[in-house]
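Trainee: For reference, the structure I am asking about is given below.
The values are calculated or read from the model by the stated rules, or taken from the named source; none is laboratory data. Model, not experiment: these values are computed from the prediction. Neighbour counts are summed over all protein chains in view; Cβ atoms, including those assigned to glycine, are modelled from backbone coordinates with ideal geometry.
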Amino acid sequence: MKIKKLIIRQPDDMHVHFRSGLMLQNVVPFTAHIFGRAVAMGNLPVPITTLETARAYRKEIKDISPKSFNPIMSAMMTKDITPEKIRKLHKAGVKVLKLIPASTSTNSSEGIALNELRNYLPVLETVKKAGMIFSIHAELIHNPKTGKEIPEIQREEMAIPFLGHLVSKASGLKIVVEHASTRKIIEFVKKAPWNVAATLTTHHALVNYGDVFDSQGRILNPFLYCKPVAKTADDQEAVIEVMTSDNPKFFFGSDSAPHLIWKKNSDEPPAGIFTAPVVLSLLCKIFEREKKLERLENFVSRFGAEFYGLPLNKGKITLERGEWLVPEEFEGVKIFKGEEILQWQVV
Ligand code: NCD
Ligand code: ZN
Ligand code: ZN
C-alpha cells in the first residue's frame, strides 16, 4: 500500500539564490514558508563581501519572510578578501565563505581562480577558526597545462585535484562541495576526511546532458541550463544513489537559481534553474522510487544542519500524496517541471 502522508522535521535548503529587489520578493516565499533555514548565496551583480552588505541583504530577506525563517548568510570570496574581513563578517553573523571561481557561473566574475586558492590559506585558516563553512563551486575553466578552455561537461572532474590540494593544506576546514554532479566528485567526497561534505540538487538527479545540449554542444533547452551542467546518465545515477544512501556527508542544497524568461531566451542564456516551488515534491518522488522514503528526512532536515553545527529545526512539515499541476512560470521565471503533474505536495 502506498503511503498517503509523510510528516518530517522542517527541512533546510543549504544552497539557494534569492537575488535582490523584486525578484527576491517573488522567490523568497517559496523557500521561507517551508524551510527553517536556507543558505542565501551572495553572488549578486555586486557580490556580498562586506559586513554592511551582508547585514543589509539579510534584512532584505527577513523583511518578507515569516519570523520562523532564518537565512544563513554567505559572503563571496573575491581577490580583496583578508583574514581581518573574515573576522568582521563572522561577527556580523555570516556563516559561509563562498567561492565561485571567475567565469564558472552566474555573477562570478570577481571570484578567485582555483589555482590561486593556495595564496589564501591564512583566509581559510581564519574561516576554520571562526567555525565558518567554506563553500565551493568546484569547476575548472582552463587546463593549467595547455591553457585551453575545458569543455563544460569535464569542468567538475578537472577541479578534483585542486580540491585534493585544498583538503590537504587546510586540514580541518569544513568544506562543502556544492551541487556535486559527477560520480567522480561524489567518490572524492566520500573518501575525503570528515570535514568535507557536499550538497546535492534535485535537477542533477533528474536532468542529463542530452536534455540540455544538442550533439554539437549547443544549448537546446536554456531552461535546463545550469552550472555545473547536467552530466551523463551514470553521473545522474551516482547522484541518486548517494542522495538516498543515508550518508551524512551528502545533504540537500536546491541551488534554485531564478532567471527571467527573456534572458534565458537570449543568445547567451544565464546558467541556473528555478526549482524552489517543486523541490520537496520531486525529492519525495525520487526517494519513493528508490524505496527509501524513510531516508528523506535525514537528507533534507538533519545532515546539513549537523555539518553546519546548527541545532535541528523543531517544527514539522506535512507532505501529502495528491496530483497537482506545476504552473509553467511565476512572475516571468520558468519553473522547473512546469506544466507537469507531480504526485506530492507540501500542505
Ligand atoms: C547559479 C546562479 O544562477 O546564481 N547558477 C547555476 O547555474 N547554478 C550560480 C551557481 O550556483 O553556480
Ligand atoms: Zn555554483
Ligand atoms: Zn548556486
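Trainee: Of the residues Lys174, Lys169, which single one is away from ligand 2 (no atom under 16 Å from the Cβ), in contact with a Phe, Trp or Tyr (Cβ under 9 Å, 6 or more places away or on another chain), basic (Lys, Arg) and modelled with pLDDT of 95 or more?
Mentor: None of the others qualify; the one that does is Lys174.
Trainee: Which of the residues spanning segment 255-300 are surrounded by fewer than 24 Cβ atoms within 10 Å (Cβ to Cβ), among the small types (Gly, Ala, Ser) and away from ligand 1 (no atom under 12 Å from the Cβ)?
Mentor: Ser266, Ser281
Trainee: Next question. Of everything in segment 224-245, what is away from ligand 2 (no atom under 16 Å from the Cβ) and in contact with a Phe, Trp or Tyr (Cβ under 8 Å, 6 or more places away or on another chain)? Give them in sequence order.
Mentor: Thr232, Val242, Met243, Thr244
Trainee: Now, a different point. Can you find a residue in segment 177-191 that is farther than 18 Å from Met158 by Cβ and touching a strand residue (DSSP E or B) at 6+ places or on another chain (Cβ under 7 Å)?
Mentor: no
Trainee: Collect the residues in segment 151-172 that are part of a loop (DSSP other than H, G, I, E, B) and either surrounded by fewer than 21 Cβ atoms within 10 Å (Cβ to Cβ) or of a type in the set (Asp, Glu) (or both), keeping them in residue-number order.
Mentor: Scanning segment 151-172 gives Pro151, Ser171, Gly172.
Trainee: Does Ile133 satisfy the criteria of being under 17 Å from the mean Cα position of the chain (by Cα) and within 26 Å of Ala38 (Cα to Cα)?
Mentor: yes
Trainee: What are the residues in segment 115-152 that are of a type in the set (Phe, Trp, Tyr) and more than 16 Å from ligand 2 (Cβ to nearest atom), if any?
Mentor: Correct list: Tyr120 only.
Trainee: Checking Ala180 against (1) within 16 Å of ligand 1 (Cβ to nearest atom); (2) within 16 Å of the chain's Cα centre (by Cα); (3) surrounded by fewer than 24 Cβ atoms within 10 Å (Cβ to Cβ), only one condition comes out false. Which one?
Mentor: In the conditions (1) within 16 Å of ligand 1 (Cβ to nearest atom); (2) within 16 Å of the chain's Cα centre (by Cα); (3) surrounded by fewer than 24 Cβ atoms within 10 Å (Cβ to Cβ), Ala180 misses (3) alone.
Trainee: Would you point out which residue out of Ile48, Ile7, Ile61 is within 14 Å of ligand 1 (Cβ to nearest atom), of a type in the set (A, V, I, L, M) and either on the phi > 0 side of the Ramachandran plot or in contact with a strand residue (DSSP E or B) (Cβ under 7 Å, 6 or more places away or on another chain) (or both)?
Mentor: Criteria check complete, one pass: Ile48.
Trainee: Ok, one more. Going by what's in this entry, would Ser135 be described as within 15 Å of ligand 3 (Cβ to nearest atom), touching a His at 6+ places or on another chain (Cβ under 9 Å) and modelled with pLDDT under 95?
Mentor: It is false that Ser135 is within 15 Å of ligand 3 (Cβ to nearest atom), touching a His at 6+ places or on another chain (Cβ under 9 Å) and modelled with pLDDT under 95.
Trainee: Identify all residues within segment 177-203 that are closer than 19 Å to Thr275 by Cα, part of a loop (DSSP other than H, G, I, E, B) and hydroxyl-bearing (Ser, Thr, Tyr); write none if there are none.
Mentor: The answer is Ser181, Thr201, Thr202.
Trainee: Confirm whether Ile61 is in contact with a Phe, Trp or Tyr (Cβ under 7 Å, 6 or more places away or on another chain) and over 30 Å from Arg183 (Cβ atoms).
Mentor: Answer is yes for this residue.
Trainee: Assess whether Asp63 counts as being charged (D, E, K, R) and within 16 Å of ligand 3 (Cβ to nearest atom).
Mentor: Answer is no for this residue.
Trainee: Give just the number: which of (1) surrounded by 15 or more Cβ atoms within 10 Å (Cβ to Cβ); (2) away from ligand 1 (no atom under 16 Å from the Cβ); (3) more than 25 Å from Gly332 (Cα to Cα) does Glu237 not satisfy?
Mentor: (1)
Trainee: Test of understanding: among Thr318, Thr244, which residue is surrounded by fewer than 21 Cβ atoms within 10 Å (Cβ to Cβ), away from ligand 1 (no atom under 16 Å from the Cβ) and either among the charged types (D, E, K, R) or within 16 Å of Pro11 (Cβ to Cβ) (or both)?
Mentor: Being surrounded by fewer than 21 Cβ atoms within 10 Å (Cβ to Cβ), away from ligand 1 (no atom under 16 Å from the Cβ) and either among the charged types (D, E, K, R) or within 16 Å of Pro11 (Cβ to Cβ) (or both) holds for just one of Thr318, Thr244, which is Thr318.
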